[in-house]
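Encoded as C-alpha cells, the structure appears first; notes follow it.
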Amino acid sequence: MRHAEAQWQSPGPDGDHLRRLSSRGVQQARSVGAYLRPAGIDLILSSSATRTLQTAEALGLGVPVWSRDEIYNAGAQQILRQVLMVPEGYNAVLVIGHAPGIPALAHLLADASSEPSARSVIAYRYPPATVAGLTVHGSWAKLRTATLTSARIQAEPS
C-alpha cells in the first residue's frame with residue numbers, strides 16, 4: 001500500500017520524513033481499513049515516516065506495526081529485503097511505503113498468473129492510498145514472485 005494523502009510540506013531538514021496525513025488522507029486510510037479488514041492482515045510493515053505510521057494507525061486493523069527506516073523512500077529491492085525477514089507464522093502482511101518503491105514492488109512480484117484487471121489498475125497510476133493484493137506461494141523468506149489478485153485505488157474517501 002502507498003500511504004494515504006499527506007500534507008504538502010513541513011518545515012525543517014527532516015520535513016519530508018515528518019509530513020503528516022491530511023484530513024482527507026485520514027479518511028482515505030479509514031476507508032481502506034474497512035476494505036482490508038476481511039483480508040485478515042496480522043502484521044503491518046511500515047516506513048518510519050510519520051505519514052505511513054499515521055496511515056497504519058488510521059486503518060484501524062488492530063495488528064502489530066513494525067516501523068522500518070529501510071522502507072522510507074526505498075526502492076523495490078530494499079522493501080523486498082524487509083519482507084523476506086518476516087518470521088513464519090504471519091499469514092497476511094501489509095507493507096505501507098512510498099512511491100515509486102511500493103508500485104515498483106507490486107510490478108516486480110506480480111507473476112504471469114496475475115489478474116489482468118488488477119494489473120490494469122496499477123499499470124500507469126499508483127496514487128496515495130492505493131492497495132495491491134498479492135498472494136504469496138511459500139514462505140516469506142523465499143518470496144521471489146507472487147500472484148497479483150487485486151488492486152484498488154482509494155482516491156476519494158467513502
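The values are calculated or read from the model by the stated rules, or taken from the named source; none is laboratory data. The model shown is predicted, which means the values in this text are computed figures rather than measured ones. Here the Cβ is made from the backbone with ideal geometry for all residues, glycine too, and neighbour counts use every protein chain on show.
General observations
- Residue list for region 2-50, restricted to those being at positive phi and modelled with pLDDT of 95 or more: Gly40
- Residues of region 108-121 satisfying the condition of being outside any loop (DSSP other than H, G, I, E, B) and surrounded by 15 or more Cβ atoms within 10 Å (Cβ to Cβ): Leu108, Leu109, Ala110, Ala118, Arg119, Val121
- When the residues of region 21-48 are filtered to those that are among the hydrophobic types (A, V, I, L, M, F, W, C) and over 13 Å from the mean Cα position of the chain (by Cα), the one that is surrounded by the fewest Cβ atoms within 10 Å (Cβ to Cβ) is Ala34.
- Any chance Ala92 is surrounded by fewer than 21 Cβ atoms within 10 Å (Cβ to Cβ), among the small types (Gly, Ala, Ser) and within 14 Å of the chain's Cα centre (by Cα): yes
- Taken together, the criteria place Ser67 among residues that are under 25 Å from Arg30 (Cα atoms), surrounded by fewer than 19 Cβ atoms within 10 Å (Cβ to Cβ), hydroxyl-bearing (Ser, Thr, Tyr) and touching a strand residue (DSSP E or B) at 6+ places or on another chain (Cβ under 8 Å).
- The condition of being outside any loop (DSSP other than H, G, I, E, B), in contact (Cβ under 8 Å) with a residue 40 or more places away in the chain and hydrophobic (A, V, I, L, M, F, W, C) does not hold for Leu105.
- Residues in region 1-51 that are part of a helix (DSSP H, G or I) and in contact with an Asp or Glu (Cβ under 7 Å, 6 or more places away or on another chain): Arg24, Gly25, Gln28.
- Failed condition for Leu84, given (1) closer than 21 Å to Leu148 by Cβ; (2) surrounded by 14 or more Cβ atoms within 10 Å (Cβ to Cβ); (3) in contact with a Phe, Trp or Tyr (Cβ under 9 Å, 6 or more places away or on another chain): (2)
- Candidate set from region 122-158 (those that are among the hydrophobic types (A, V, I, L, M, F, W, C) and surrounded by fewer than 19 Cβ atoms within 10 Å (Cβ to Cβ)); member that is modelled with the lowest pLDDT: Ala155
- Some residue of region 125-133 being touching a residue at least 24 places away in the same chain (Cβ under 8 Å) and of a type in the set (Phe, Trp, Tyr): yes
- Test result for Arg2, surrounded by fewer than 19 Cβ atoms within 10 Å (Cβ to Cβ), in contact with a helix residue (DSSP H, G or I) (Cβ under 8 Å, 6 or more places away or on another chain) and among the basic types (Lys, Arg): no
- Out of Gln54, Gln78, one residue alone is among the polar types (S, T, N, Q), surrounded by 19 or more Cβ atoms within 10 Å (Cβ to Cβ) and assigned to a helix (DSSP H, G or I). It is Gln54.
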